[in-house]
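Colleague: Structure incoming, see below.
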Amino acid sequence: MKTISFHDDILPLKDKLYRLALRITLNTEEAEDVVQDTMVKVWQQKEDWQRLNSVEAYCMTICRHLALDKTAQADRRTLPLDGQAEKPSGLRSPDELVSQNERVGLIMELMEKLPEIQRSILQLRDVEGYSYQEIAQVLQISDTQVKVYLHRARNFIRTEAEKIDAYGL
């Protein structure tokens, strides 16, 4: 059995935890607070680490629950993600860069309109690269539910983006 170290196994998860918290809270300061609270809570439960199947899934679950609690306390659902879209790299013309940045911004706006569960699944699967089983474990739902929610989220974003492309804003 592997010995779990906070420094080697849990602390490197902070960026993934932050991205998940940000996707749920839609606020950078609140996401940072959620990650800090997650790390504290995980540290306080260090006696239970050896019994865990996946430390990462455990941390992501705690982070998700804390982010949902923070969102419920704030009593708001959506805020703009100011400047959170990554700049594409590579050699592209300025027109291509502007177009791609607009597309990323549009997708981010559409993701904000999704229900929290679909937004979380889309984040975990398409951004973080988690498997269906890992997402199901983190969100405490079945693999089938993960697939259904992911399909619905992708369809929503696709159809709304096509509408905007066809008819404008």
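The values are calculated or read from the model by the stated rules, or taken from the named source; none is laboratory data. A quick note: this is a predicted structure, and the numbers were derived from the prediction, not measured. Cβ: placed from backbone, ideal geometry, glycine included. Neighbour counts: every protein chain shown. We work out accessible area using only protein heavy atoms, side chains counted, and drop any ligands, DNA or RNA first. Shrake-Rupley method; radii C 1.70, N 1.55, O 1.52, S 1.80 Å.
Colleague: Please list, ordered by first then second residue, the pairs with beta carbon atoms under 6 Å, 6 or more apart or interchain, first in the range 99-112 and under 12 Å from ILE157 (Cα atoms), second in a helix (DSSP H, G or I) and among the aliphatic types (A, V, I, L, M).
Modeller: As it stands, the answer is LEU110/ILE157, since those pairs meet every condition given.
Colleague: Related question: Given (1) more than 19 Å from PRO115 (Cα to Cα); (2) crowded, with 16+ Cβ neighbours inside 10 Å, where does ARG23 come up short, assuming only one miss?
Modeller: (1)
Colleague: Restricting to the range 144-156, name every residue that is open to solvent by less than 60 Å² (accessible area, probe 1.4 Å) and either under 16 Å from MET60 (Cα atoms) or under 16 Å from the mean Cα position of the chain (by Cα) (or both).
Modeller: Of everything in the range 144-156, those that are open to solvent by less than 60 Å² (accessible area, probe 1.4 Å) and either under 16 Å from MET60 (Cα atoms) or under 16 Å from the mean Cα position of the chain (by Cα) (or both) turn out to be VAL146, LEU150, ALA153.
Colleague: May I pose another question? Being out of contact with any His (no Cβ under 8 Å at 6 or more places or on another chain), of a type outside the set (Ser, Thr, Tyr) and either crowded, with 17+ Cβ neighbours inside 10 Å or more than 19 Å from LEU20 (Cα to Cα) (or both) is the requirement here; does ILE141 meet it?
Modeller: Working: out of contact with any His (no Cβ under 8 Å at 6 or more places or on another chain): yes; of a type outside the set (Ser, Thr, Tyr): yes; either crowded, with 17+ Cβ neighbours inside 10 Å or more than 19 Å from LEU20 (Cα to Cα) (or both): no.
It is false that ILE141 is out of contact with any His (no Cβ under 8 Å at 6 or more places or on another chain), of a type outside the set (Ser, Thr, Tyr) and either crowded, with 17+ Cβ neighbours inside 10 Å or more than 19 Å from LEU20 (Cα to Cα) (or both).
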